[in-house]
Amino acid sequence: MNSVFERLAPFIHEYVYNKRWTELKSIQSRAIEIILDTESHMLLSAGTASGKTEAVFFPILTQLLMEKPQSVQVLYIGPLKALINDQFERINDLLTEANIKTWRWHGDVSADKKKKLLERPSGILQITPESLEAMMIRHKGDIVKLFCGLRYILIDEIHAFMGTDRGGQLQCQITKIERWAKCRPRRVGLSATLNNPGDAATWLGSGSGIPVECVVEGNTRKQVRLAVDWFAHVENAAPGAEGKGALSSTKSVFYDEIYKQCYDTKSIIFTNSRSEAEETITHLRDIAKKLSAPDIFHVHHGSISKTLRLEAEEAMREEEGPTVTAATLTLELGIDIGKLERILQIGAPFSCSSFVQRLGRSGRRTGISEMYFSGYEEIKNTSEPFDAIPWSLVQMIAVIQLYIDERWVEPIATKPLPYSLLYHQTMSMLASMGELTAQDLARNVLSLPPFTSILQADYKELLLHWIDKEYLQWTDTRTLIIGLSGEPVVNHYTFYAVFPDEDSYKVICDGKELGSIDSLPPDGTAFALAGRFWKVVESDLQQKVVFVIPAKRSSVNLWHSGCGDVHSRIVRKMRDILAGNQEYAYLFDRAKQRLKEARAYAKNSGILQSQFLSVGAGAFLFIPWLGSRGMRTLDTLFRHPVAKDVLALRSVNRDNPYAFMINSEISAPHFQKKLYKLCEMELALSEGLELKAIPFIDKYDYMLTPDLLVKQYSNNQIGMSELNELANPNLS
């Protein structure tokens, strides 16, 4: 052990010896030095199971032993209740030895335990942003007592907050705690996946004026095993085509192969939607039943009840025996889920960041991370580009190669004008403070880190709008308070979260809660939940409860599926893959054959030589090879009055994420030249936005004036800079 180790408290020495560690890892030594020898904030970025938790808590607990607690000393903020509960258990031995109290505060913690913390605050408080919001509103008078001696704020899985309204909410909360409790805690951010630590450091230190030290694990290449399989069903395939040529297959063959990949392992199957997770587990259970094999299958997502989620987590933690759980984002973060042997991914992940998080979930026992990708497509017309090219397969390969070859992960996308969050924090400030003059309210709110780009004039327009709608109201002394329309918003428990509410219905069978669904099905309808089928026998609309009994089968989907944004870097890599001839060792034969067919079509059709493919008189397909934000920008540009005139547009349709179907009075070559010139102009995209065409993306978008809703969308969701590459025909 080195000299850094000797500076740690004796009980930590004992803990390390009991773990039979022979030395500290380099990131642990560096983190310990920063915490013990500087007053800086710290960003710690290292892979899963790299010892980040110990790197932070060893020196912090050593320091806490030297002081008598006068309040909570460490505020640990995690993105999930499950992660909080898991971390509490993980460091429990350390805390017991140090005699440092650890508290949890969220919806599953009893009121009695919360009362004890309020009476005698000390030690470490673990909490989510939503519970922290509730605490700051309901217990504003206790904030000084709770946090006056706060030494550290730990933000776990910091990448999960950055670039989101939830992260902006957290920045506001930290700033308010510092102001109200007059404390200057050091901030520590933890992450396993960061593309640019500098951006994360800026986010972490925002508004504090304190430097941020970065500890980033070197480019150590952990051994990985990857496999990509692919299944395609060709409508009207010629007899005997299965296994040859187009490799026509069936959905049952697809699930049979997934079963073979996981049935005797401890695995997670990640899907891109809750409905896909449910469908997968119901099929795997059917296969196991036919084979008289044990039911080792679970489902884990946000609509599954707490009890069933915990059952899945406990099954995965069991040392012996196989367990297979289909999950969405809920198991992507750092919950301790035992020594997983394999990760399966159905469909392409939307981001490299997600791929890295999921890959890192396996390999703790063997030191080798395993991930098996699989996808299924229905091909109707092999001569059409959107059937001829398996876009999801190509996206899988692009995500893998970008990370393997370049260690590339998406940069954090920021929101310059978070007006929805501005409404939330305005109401939160008044709920905590009671009343403020308009000037004091503006000064308190607009000085919070997320709102530095918001103009005073815009805020004034919003305040007048909210007063007019009675979300705010004037008092006789010309101060502002929450109005009659605002009280039901702020007083409802959903206010504490800044992500959009889901209008869900609780599902009950024999008095046991199974989870929730987004849509209310008619009586007699059967649907899947928790990997099993249920039939509706009765619904209580007032209480939003659905009573069910077991059913045999269903094809009804009762969840609204969302999808993530795909970065332009991934789409450009997809184009390179189609244009290239590189072979990928991790592709199974079915995937190799499908990629070969796609490459042949791409080269023969001309879509690699030109972004425009003629499909008839005055009609052509436009494939710009842009990500989600670029495609939204083009969609807005085509609605702009100037663009409509210059491009002589008759119609624009977009039935595919990657392309537009254009109908114009001018030829494709002329269209291309004019479009490139438009991309170089400083067009105000907001002029092409119709209010009815702007979706409500953030929770309180409906609280904005029409003009500011347009302004928010045109600044946060689109931008002419996204189209810079279009003016380069070579797409270098």
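FYI, it's all coordinate maths here, none of it is from the lab. Since the model is a prediction, treat every value here as computed from it, not as a measurement. We place every Cβ from the backbone using ideal geometry, glycine too, and count neighbours over all the protein chains shown.
For LYS506, list the lysines whose Cα falls under 16 Å from its own Cα; do not include residues on the same chain fewer than 8 positions away.
LYS306, LYS535, LYS544
How would the range 223-390 be classified by its alpha-carbon gyration tensor: rounded, prolate or oblate, with rounded meaning a/c under 1.5 and the a/b versus b/c comparison settling the rest?
Because a/c hits 1.5 or more and a/b exceeds b/c, the range 223-390 counts as prolate.
Mind checking which aspartates and glutamates have their C-alpha under 15 Å from LYS596, skipping anything on the same chain fewer than 8 residues away?
The reachable aspartates and glutamates, counting only those whose Cα sits under 15 Å from LYS596, are ASP229, ASP387, ASP576, GLU583.
What FRET efficiency do you get for LYS692 and ASN663 if R0 is 22 Å and r is their Cβ-Cβ distance, rounded to the nearest 0.05?
0.50
If amide hydrogens are placed 1.01 Å from N in the peptide plane, which non-local residues have theirs closer than 5 Å to the one on TRP103?
Residues meeting the criterion, in which the H sits 1.01 Å from N, are ILE124, LEU125, GLN126.
Find, among the GluC sites (Glu not before Pro) in the range 561-667, those assigned to loop by DSSP (not H, G, I, E, B) with at most 13 other beta-carbon atoms within 10 angstrom.
Within the range 561-667, the qualifying GluC sites (Glu not before Pro) (loop, at most 13 other Cβ atoms within 10 Å) are GLU583, GLU665.
Tell me which DSSP H helices of the chain clear both cut-offs, 20 Å or more of axial length from alpha-carbon atoms and a mean Kyte-Doolittle hydropathy of at least 0.5.
TM-like helix candidates: 391-406.
What FRET efficiency comes out for the pair ASP589/VAL646, r = Cβ-Cβ distance, R0 = 41 Å, nearest 0.05?
Once the sixth-power term is evaluated, E becomes 0.25.
When DSSP assigns beta bridges and you keep just the ones with both residues in the chain, what percent turn out antiparallel, to the nearest 5?
Beta bridges within the chain, antiparallel portion: roughly 35 percent.
Which of rounded, prolate, oblate describes the range 271-329, given a ≥ b ≥ c as roots of the alpha-carbon gyration tensor eigenvalues and a/c under 1.5 marking rounded, otherwise prolate only if a/b is larger than b/c?
Because a/c hits 1.5 or more and a/b fails to exceed b/c, the range 271-329 counts as oblate.
Could you run the Karplus curve 6.51 cos²θ - 1.76 cosθ + 1.60 with θ = phi - 60° over the range 518-528 and give me ³J(HN,Hα) per residue in whole Hz, x for Gly and Pro?
Once θ is set to phi - 60°, the couplings for the range 518-528 become 7, 10, 8, x, x, 4, x, 6, 10, 8, 9 Hz.
Using 23 Å as the Cα-Cα cut-off, could you pick out the over-long pairs in LYS114/LYS512; LYS260/LYS290; LYS68/LYS115?
Distance filter (> 23 Å) returns LYS114/LYS512.
Going by how many other Cβ atoms sit within 10 Å of their own, how do LYS266, LYS711 line up, fewest first?
If I rank by nearby Cβ atoms, fewest first, I get LYS711, LYS266.
Quote to one decimal, in nm, the extra length available between LYS25 and GLN70 on full extension: 0.36 nm per residue of separation minus the C-alpha distance between them.
12.9 nm
For the pair THR38 and ASN581, what calculated FRET efficiency results from E = 1/(1 + (r/R0)^6), where r is the Cβ-Cβ distance and R0 = 35 Å, to the nearest 0.05?
After rounding to 0.05, the efficiency reads 0.10.
Let me know the shape class of the range 3-216, please: from the alpha-carbon gyration tensor, a ≥ b ≥ c as square roots of the eigenvalues, rounded when a/c is under 1.5, otherwise prolate if a/b is greater than b/c, or oblate.
Oblate shape, in that a/c is at least 1.5 and b/c is the bigger or equal ratio.
For the chain, what is the calculated [θ] at 222 nm in deg cm²/dmol (nearest 500), taking -39500 (n - 2.57) for each run of four or more DSSP H residues and dividing by its residue count?
Calculated from helices alone, the mean residue ellipticity at 222 nm is -11500 deg cm²/dmol.
Provide GLU487, GLU276 in ascending order of the number of other Cβ atoms located within 10 Å of each residue's Cβ, fewest first.
Final ranking by Cβ density, sparse to dense: GLU487, GLU276.
Which of GLU682, GLU54 has the fewest other C-beta atoms within 10 Å, and how do the rest follow up to the most?
GLU682, GLU54
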